[in-house]
Each structure stands twice: as C-alpha cells, then as structure tokens.
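The structure appears right after this line, and notes come after that.
The values are calculated or read from the model by the stated rules, or taken from the named source; none is laboratory data. Here the structure is a predicted model, which means the values were calculated and not measured. Note that each Cβ is placed from the backbone with ideal geometry, even for glycine, and that neighbours are counted across all protein chains shown. What goes into the accessible areas is simple: the full protein's heavy atoms, side chains included, and nothing from ligands, DNA or RNA. Shrake-Rupley method; radii C 1.70, N 1.55, O 1.52, S 1.80 Å.
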Amino acid sequence: MNSDHLSADISEVLLDEDSIHARLAEVAAEVDRDYAGRDLLLVGVLKGAVVVMADFIRHLNSHVTMDWMAISSYGSGTKSSGVVRILKDVDIDLTDKDVLIVEDILDTGLTLSWLMENLRSRGPASVEVFTFLRKPEAVQVELEPKYVGFDIPNEFVVGYGLDYAEQYRNMRQVGVLRPSVYGR
Ligand code: 5GP
C-alpha cells in the first residue's frame, strides 16, 4: 500500500459522510423512541464498530451505557465459519438490561447469531442488533436485525471502521476497495 491517500485505493464511494450521519440520526431517533424509559446497554463489537458507535451514541438523547466485546471467528480467508471465541468480554452485568449489539457489517450472520445466543444466556431483558451495513447474503440468515443502517451490494467494502488488513478504518466514507490492492 504505497499510496499516501486512502481514497486512491477506492474504486467507488458507496456512502459519504453526510449520508452516514443523516442515517445515524434517523436510527438514533428510532432507538430513543423504542427504548424510552428502559435500561439500554449498547454492546459494540471490536474493532469494526468503533467508529459507528462513537458517532451513533452522540445522536442519542437518552441515558445509555456502552460496553465492548472482542471476538475472533475462525474461518477461511474472508468468510467466517460461525465458530467463535471471546477475546474480551463485556464488563457490565447483563441481567435485566436491554442489550443492543452494535455491529459494523452483517454478511453471513454466523458471528452475530452466535453472539446473540451467547448474550441471551446471561439473563438480559432483551437482545437486539443494530448493524450499520448489511450485505445481500444476510437475508438467508434467520437473524433479523432490529435496525439496519444501509443495505449494500455484495462487494468488499472498507472505511468508517471497516478494514482491509487493519487499514482504511480511519476513512470517513464507505467505499469499495480496488481489486489491485488485494494483489499487492
Ligand atoms: P459474518 O459472520 O456476518 O459473515 O461476518 C461479518 C464480519 O465479516 C464483519 O464483522 C467483518 O469483520 C467481516 N466482513 C464481512 N464483509 C466485509 C466487508 O465487505 N468489508 C470488511 N472490511 N469486512 C467484512
């Protein structure tokens, strides 16, 4: 990756900053309404959800708490297998909490299905999902996220928290990575 400019490696910008923030504000208004008077705990999945979480919580007007999990999913290359290991667990007790998992992207949904089952076994009042992005394959999964930021085409995207080889997370837009970048 020799380019000094992140955008030089992007073939198409799918979502710009303004559309991202406008959509986050809409979802936040729904969440404020749906969880009014309840004990909402947002659980972010590291590291991809860091950027969406940071912006999303600042669009919320309710009292919320936030915690993080790190999980590793064993898979071949870019596909996950659904076999998951917890690398960092939440610190906050989930008992009677309304948990909203904040994810960067829903693809096969295997990782998230496992995570929902795991959190549901800990006595929360509810467990739901807000995924920032959703890919077409996700419709085959039983898992129905309560909130979806954007439905995107089946392309490998980076930016706004999403990485390729740990890079591009700091890009302000979501874009499709040029295939030539993979070849390097
Ligand atoms: P799933 O279990 O839903 O197939 O896997 C979701 C995970 O795969 C995401 O949390 C993300 O780490 C990775 N992933 C899936 N599609 C993409 C993509 O287009 N771009 C990036 N950067 N990661 C992706």
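Which of the residues that make up the stretch 37-54 are touching a residue at least 24 places away in the same chain (Cβ under 8 Å) and open to solvent by 30 Å² or more (accessible area, probe 1.4 Å)? Working first, answer last.
Within the stretch 37-54, the first condition is being touching a residue at least 24 places away in the same chain (Cβ under 8 Å), and the residues that meet it are 38-53.
Correct list: R38, D39, L46, K47, V50, V51.
Scanning the stretch 158-168 for residues that are more than 9 Å from the ligand (Cβ to nearest atom) and buried (at least 18 other Cβ atoms within 10 Å of the Cβ) turns up just one, Y160.
Kindly establish whether V84 is within 16 Å of the ligand (Cβ to nearest atom), open to solvent by less than 40 Å² (accessible area, probe 1.4 Å), at pLDDT below 95 and part of a strand (DSSP E or B). Let's see the steps before the verdict.
On the way: within 16 Å of the ligand (Cβ to nearest atom): yes; open to solvent by less than 40 Å² (accessible area, probe 1.4 Å): yes; at pLDDT below 95: yes; part of a strand (DSSP E or B): yes.
Yes; evaluated as a whole, the condition is true for this residue.
Could we say that E155 is touching a Lys or Arg at 6+ places or on another chain (Cβ under 9 Å), more than 19 Å from I71 (Cα to Cα), within 13 Å of the ligand (Cβ to nearest atom) and open to solvent by 50 Å² or more (accessible area, probe 1.4 Å) here? Here the answer is yes, as E155 does meet what is asked. Screening I105, I71, I20, I57 for residues that are under 16 Å from V148 (Cα atoms) and within 11 Å of the ligand (Cβ to nearest atom) leaves exactly one candidate, I105.
So in the stretch 108-136, with the set limited to residues that are hydroxyl-bearing (S, T, Y) and modelled with pLDDT under 95, which one is farthest from the ligand (Cβ to nearest atom)?
Here is the first cut: in the stretch 108-136, the residues hydroxyl-bearing (S, T, Y) are 108, 111, 113, 121, 126, 131.
Still in the list and also modelled with pLDDT under 95: 108, 111, 113.
Working: T108: 3, T111: 3, S113: 8 Å.
Top of the filtered list is S113.
Here is a yes/no grid of residues against (1) in contact with a Pro (Cβ under 8 Å, 6 or more places away or on another chain); (2) open to solvent by less than 10 Å² (accessible area, probe 1.4 Å); (3) closer than 20 Å to V50 by Cα:
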| site | (1), (2), (3) |
| --- | --- |
| L94 | yes, yes, no |
| V99 | yes, yes, yes |
| V102 | no, yes, yes |
| L115 | no, yes, yes |
| R120 | no, no, no |
| P124 | no, no, no |
| V129 | yes, yes, yes |
| E144 | no, no, no |
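If I go through the stretch 91-107 residue by residue, how many of them are at pLDDT 95 or above, under 18 Å from K47 (Cβ atoms) and touching a helix residue (DSSP H, G or I) at 6+ places or on another chain (Cβ under 8 Å)? Adding up the residues that qualify gives 4.
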